[in-house]
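The values are calculated or read from the model by the stated rules, or taken from the named source; none is laboratory data. Since the model is a prediction, treat every value here as computed from it, not as a measurement. Side chains are part of the model used for accessible areas, which takes the heavy atoms of the whole protein and leaves out ligands, DNA and RNA. Shrake-Rupley method; radii C 1.70, N 1.55, O 1.52, S 1.80 Å.
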Amino acid sequence: MSSDDVSVVEVGRAIRPYLSRLLDDPEEVARLDGALSQLLNGGQERMTADARLIHELLTAHEDTQWFMEQVLADIPLLRPPYHQRRSTPRQPDDRPSLGGDLGPVEADRFACPHGDYVDWYRPDVGTPVPRCPTHDVTLVRS
Ligand SMILES: [Zn+2]
């Protein structure tokens, strides 16, 4: 099992909370989430084959492919694009931009103990820790 396979499997876990934002069709969201959940609960010994199938599922849509590419570029954390800090582009005259976007807040990785669902989230904003939709258990910080 290569590190690429591990990364693709991580994308499969991390994209699940965002599928309904990435895709317009609720039926396709449910189909894709179900397929990912099944693959991610398939057990370690099948991970190389699963990584290939996850890659195939996510390249079927432009927006999920974009998400996958963004996560795979965020080595080693593999965060969703919405949680990656980007450097602020400099102005042409090299002054820092005023009132610029400071970027997303820092988030921590929370994962289902069964290893099929990951959500990046900031723990101190008073919202409850997310639950795994497949196993209905509270995600744990990892
Ligand atoms: Zn789970």
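Taking θ as phi - 60° and the Karplus parameters 6.51, -1.76 and 1.60, the scalar couplings of segment 137-142 work out to 10, 5, 5, 10, 5, 9 Hz in sequence order, x denoting glycine and proline.
Of the listed residues Leu58, Leu40, Leu77, the order by accessible area with a 1.4 Å probe, largest first, is Leu77, Leu40, Leu58. Could you work out how much longer the chain between Ala35 and Glu62 gets when fully extended? Use 0.36 nm per residue separation minus the Cα distance between them, nm to one decimal. Residue separation times 0.36 nm, minus the Cα-Cα distance, leaves 8.0 nm. Under 5 Å between amide hydrogens, built in the peptide plane, is the criterion, and for Trp120 it picks out Phe110 among residues at least 5 positions away or on other chains.
Over segment 17-77, the hull volume per residue, using the convex hull of the C-alpha atoms, is 91 Å³.
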